[in-house]
Amino acid sequence: MSGVKWEVVSFPTRKYELAIGAATDVSQDQFMDATNSQPPKFVLPNVKPIAIGNVTVDPPILQAPMAGFTNYAFRQIVREYGGSGLIATEMVNARGFVWLDENTPEHPERLWGVRDEPRPLAVQIWDNQPETMAKVGRRLVEDYRVSIVDINFGCPVKQVTEKAKSGSYLLRTPDKMGEIISEVVKACAPTPVTAKIRLGCTRDNINAIDVAQVVEGAGAAALTVHGRTAQDMFRGHSDWDRISEIRPYLKKIPLIGNGDLDSHQKVLHAFQNYDVDGVMIARACLGRPWLFSQCKAALLGEPVPPDPSLAEQKTCLLHHFDLIVQRFGESKGAQLMRRYACCYAQGRFGARHFRTHVAKVSTAEEFYSVVEEYFPVDKLDV
Ligand SMILES: Cc1cc2nc3c(=O)[nH]c(=O)nc-3n(C[C@H](O)[C@H](O)[C@H](O)COP(=O)(O)O)c2cc1C
């Protein structure tokens, strides 16, 4: 976007450092490292920082790419609370990026903040043309200096699949996926390239094991798997057994499991019960960006910080609003914040009432007054 100044704004509320309550009953002593008698860093023996090419992801808890949500404002807030070893942008349309480059001085809206923000940072791209993807991958590496280029092979939305034959559509042609990955890997070296997939296109055609081998063979540095098929969209549950089954087929790259993790208990459970090197969290962090720090504490065997008080959550929401408005202006900012505001309120007493009112705001004044009057104060109301 031309004409708009991008500013890095520091988080005005206090850092999230409270620590109350026990994380887990797994004792550190159970897992003394035999080689140096030092206790391992994490409470579970299979949890370690992961290496994605030359990037260390520590802790192995990743923030998922989410279109329409994981923009620079949101990523800043996730970073402030801490706990995620790798943060990702929204998916960026590679063909659209090339078109902008050739026709305008602008760059994709979704790359807001990418040049300046802290690392590590993964930028996700999508399309089905190897050369276009390679061109954009190289640009992201050379010009934006991103830590990781991630390729989307999981998006089930019709505009991406049926219309653009990309995203999860490509799962039906693993060879084509391999071509895309190897071109992007060549263009981005030594910056690592990763892939994010679903289990397959349909329940009748689950091919994640085959796809995983193609992904690794083509030079990707990590694989993330959402344990649903494209046909499932978000129905049913993420099948972690299926995700786990992939692990023996990967020779050297990490496997990151994704789907339905919405608490530190579920993250611990995932590492305890499934063969994954890392986990990725999407929807649950939208209204609870502090979730990563809770998961990290649980993995470290430290007391898990409680959720911030509702007053602090409200402050966080207003701070989020400020960041968005500074970038997009009051009118578009207020409109964009409607969806975030609903996420922050979700599960609280009065959430429905709040949603109804916040859905109509179109100025900062309206936003502030709706938050003041209707932001939930107590208990559950799903
Ligand atoms: C609103 C929304 C937008 C998403 N956008 C993307 C995206 O841009 N790229 C991607 O790979 N996955 C995207 N996803 C999928 C998530 O990254 C994740 O795989 C999925 O939500 C399952 O994880 P969860 O159960 O933790 O939400 C999106 C999901 C949601 C809900």
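All of the numbers you see were taken from the coordinates with simple rules; none came from a lab. All figures in this text were calculated on a predicted structure; none of them were measured in a lab. Cβ placement follows ideal geometry from the backbone for every residue including glycine, while neighbour counts extend to all protein chains displayed.
What shape does segment 140-185 take by its C-alpha gyration tensor, where a ≥ b ≥ c are the square roots of the eigenvalues and a/c under 1.5 counts as rounded, a/b above b/c as prolate, and the rest as oblate? It is oblate, given that a/c is not under 1.5 and a/b is not larger than b/c. Only helices enter this figure: runs of n ≥ 4 DSSP H residues, each worth -39500 (n - 2.57), summed and divided by the residues of the chain, yield -11500 deg cm²/dmol at 222 nm to the nearest 500. In vacuo Debye scattering of segment 310-374, one point per C-alpha: log10 I(q)/I(0) at q = 0.16 Å⁻¹? The computed values of log10 I(q)/I(0) come out as -0.43.
Before anything else, pin down the relative contact order of the chain: Cα pairs under 8 Å, at least 6 apart, normalised by residue count, whole percent. Don't jump to the answer; show the numbers that get you there.
On the way: 781 pairs, mean separation 63.6, N = 382.
Normalised by residue count, the contact order of the chain is 17 percent.
I need the semi-axes of the equivalent ellipsoid of segment 118-194: take the C-alpha gyration tensor, multiply each eigenvalue by 5, square-root it, list largest first in whole angstrom.
22, 13, 10
Per residue, the average separation of C-alpha pairs within less than 8 Å and at least 6 apart gives segment 310-374 a relative contact order of 31 percent. Given a 10 angstrom Cα cut-off, can you work out which residue in Ala94, Ala282, Ala189 is the most mobile in a GNM of the chain? Comparing Ala94, Ala282, Ala189 in a Gaussian network model of the chain, the most mobile one is Ala189.
Neighbour counts of C-beta atoms inside 10 Å place Arg242, Arg75 in the sequence Arg242, Arg75, starting with the fewest.
Please give the net charge around Lys196, taking every other residue with its beta carbon less than 13 angstrom from that of Lys196, where Lys and Arg add +1 and Asp and Glu add -1.
Details: positive: Arg198, Arg228; negative: Glu90, Asp150.
That works out to 0.
In this rough spin-label picture, where each label sits 7 Å from Cα along the Cβ direction, the Glu302-Lys41 distance is 1.2 nm. Across segment 227-366, Cα pairs under 8 Å and at least six residues apart give a relative contact order of 16 percent. Counting only residues at least eight positions apart within a chain, or on another chain, the lysines with an alpha carbon under 22 Å from that of Lys135 are Lys163, Lys165, Lys176, Lys186, Lys196. DSSP assigns beta bridges within the chain; of those with both partners inside it, close to 15 percent run antiparallel. Restricting the calculation to Cα atoms, the chain shows an Rg/Rh of 0.96 when the hydrodynamic-style radius is the Kirkwood one. As an equivalent ellipsoid, segment 210-350 spans semi-axes of 33, 19, 14 angstrom, where each value is the square root of five times an eigenvalue of the C-alpha gyration tensor, largest first. Listed by chain and number, the aspartates and glutamates whose C-alpha is less than 18 Å from the C-alpha of Lys41, apart from same-chain residues fewer than 8 away, are Asp25, Asp29, Asp33, Asp58, Asp277, Glu302. Straight-line reach from Lys332: taking Cα to Cα under 18 Å and skipping same-chain neighbours fewer than 8 places apart, the lysines in range are Lys5, Lys360.
When every Cα-Cα distance of segment 94-240 is counted in 5 angstrom steps from zero, the calculated P(r) takes the values 2, 10, 20, 22, 19, 15, 8, 3, 1, 0 percent.
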